[in-house]
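A.B. asks: Before I ask anything, let me first share the structure, which is written out below as structure tokens.
Laboratory data are not the source of any read-out in this text; all were calculated from the coordinates shown. Just so it is clear, the structure is predicted and the values come from calculations on it, not from any experiment. Virtual Cβ from ideal backbone geometry, glycine too; neighbours counted across all protein chains shown.
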Amino acid sequence: MKERVVTLEAQNPHINATLIRIETMVERLNGHLVKAIWAVALLFIAAVVKFILGGGLNIPGV
């Protein structure tokens, strides 16, 4: 049992470094996802504005 504790204590710095690396990768990915969501939202809004300005809400024959 004592050998297991010593082994875990020896691996602790490596585990912490790996967790920090994973955390920074997730934060970067989160930033990219937020930018992508904003881009899609802005493209949708632009398409709606173009549709309305192009007369998309006009009813023909009225």
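A.B. asks: Treat every Asp and Glu Cβ in the chain as -1 and every Lys and Arg Cβ as +1, leave all other atoms uncharged, and give the resulting dipole magnitude about the Cα centre to the nearest 20 debye.
C.D. replies: The dipole of the chain has a size of about 140 debye.
A.B. asks: Enter the angle in degrees (range 0 to 90, nearest 10) between the Cα long axis of helix 2-53 and the first principal axis of the Cα atoms of the chain, meaning the one along which they spread out most.
C.D. replies: Between the helix axis and the principal axis of the chain, the angle is about 0 degrees.
A.B. asks: Continuing with the same structure: Could you please tell me the mean projected area of the C-alpha convex hull for the chain, averaged over all directions and given in square nanometres to one decimal?
C.D. replies: The directionally averaged projection comes out at 7.0 nm².
A.B. asks: Next question. Among THR24, HIS14, LEU57, which residue has its Cα positioned farthest towards the positive end of the charge dipole of the chain, with +1 placed on the Cβ of Lys and Arg, -1 on the Cβ of Asp and Glu, and the dipole taken about the Cα centre?
C.D. replies: Selected residue: LEU57.
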